[in-house]
């Protein structure tokens, strides 16, 4: 089953009356079924924030957009954690050839500082010899 089919299946499960829209009560019920608590007022506010056409109800497109943006945010947070493991602790707060070599060594891969300089140069957009978080994200994409 592909991702779009999964979204449709989840959407149909939440859309109790089958009208193609998720209402605030549908949202409240869904959150309750997964062990959370959401008042009707909170569900109405959430639906209003996620609603793209102003009708106070969520379409399948609204649901997909919310889920995909949450996944993207989670990915960025995961990348930030990984990035911090590679960052030079006593310097610029970037990935340097020395910090890359140190981390690769911890992972069991032996590289020289020159090897690491070449690896960094591949993704070093501004040519400063180190990887910023933005450059690291591009590398991981």
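No value in this document is a laboratory result; all are computed from the given coordinates. Since the structure is predicted, the reported quantities are computational estimates derived from the model, not experimental observations. Every residue, glycine among them, receives a Cβ derived from its backbone with ideal geometry; neighbour counts consider all protein chains shown.
For the range 87-140, the relative contact order works out to 31 percent when only alpha carbon pairs closer than 8 Å and six or more residues apart are counted. By the beta-carbon count within 10 Å of each Cβ, the least crowded to most crowded order of 2, 62, 128, fewest first, is 2, 128, 62. For the chain, the 222 nm mean residue ellipticity estimated from helices alone, with every DSSP H stretch of n ≥ 4 adding -39500 (n - 2.57) and the total spread over all residues, rounds to -20000 deg cm²/dmol. Once the Cα atoms are used to define both axes, helix 3-14 deviates from the longest principal axis of the chain by about 40 degrees.
Springs join every pair of Cα atoms under 10 Å in this Gaussian network model of the chain, and among 59, 99, 110 the largest mean-square fluctuation is at 110. Computed over the chain, relative contact order equals 14 percent, with contacts defined as Cα pairs under 8 Å that lie 6+ residues apart.
With the convex hull constructed from alpha-carbon coordinates only, the chain shows a mean projected area of 12.7 nm² over all directions. The angle between the Cα long axis of helix 113-123 and the main principal axis of the chain comes to about 40°, on a 0 to 90 degree scale.
Taking the Cα-to-Cβ direction at residue 122 and at residue 86 and moving 7 Å from each Cα, how far apart do the two end points lie in nm? If labels sit at residue 122 and residue 86, their model points lie 1.0 nm apart. With axes computed from alpha carbons, what is the tilt in degrees of helix 40-50 against the longest principal axis of the chain, rounded to the nearest 10 within 0 to 90? Here the helix axis deviates by roughly 50 degrees. Short-range pairs are left out: with C-alpha atoms under 8 Å and at least six residues apart, the relative contact order of the range 3-73 is 29 percent.
If R0 equals 25 Å, the separation of the Cβ atoms of residue 134 and residue 48 corresponds to a calculated FRET efficiency of about 0.15. In terms of packing, defined here as the mean over residues of other Cβ atoms within 10 angstrom, the peptides 25-37, 65-77 line up highest first as 25-37, 65-77.
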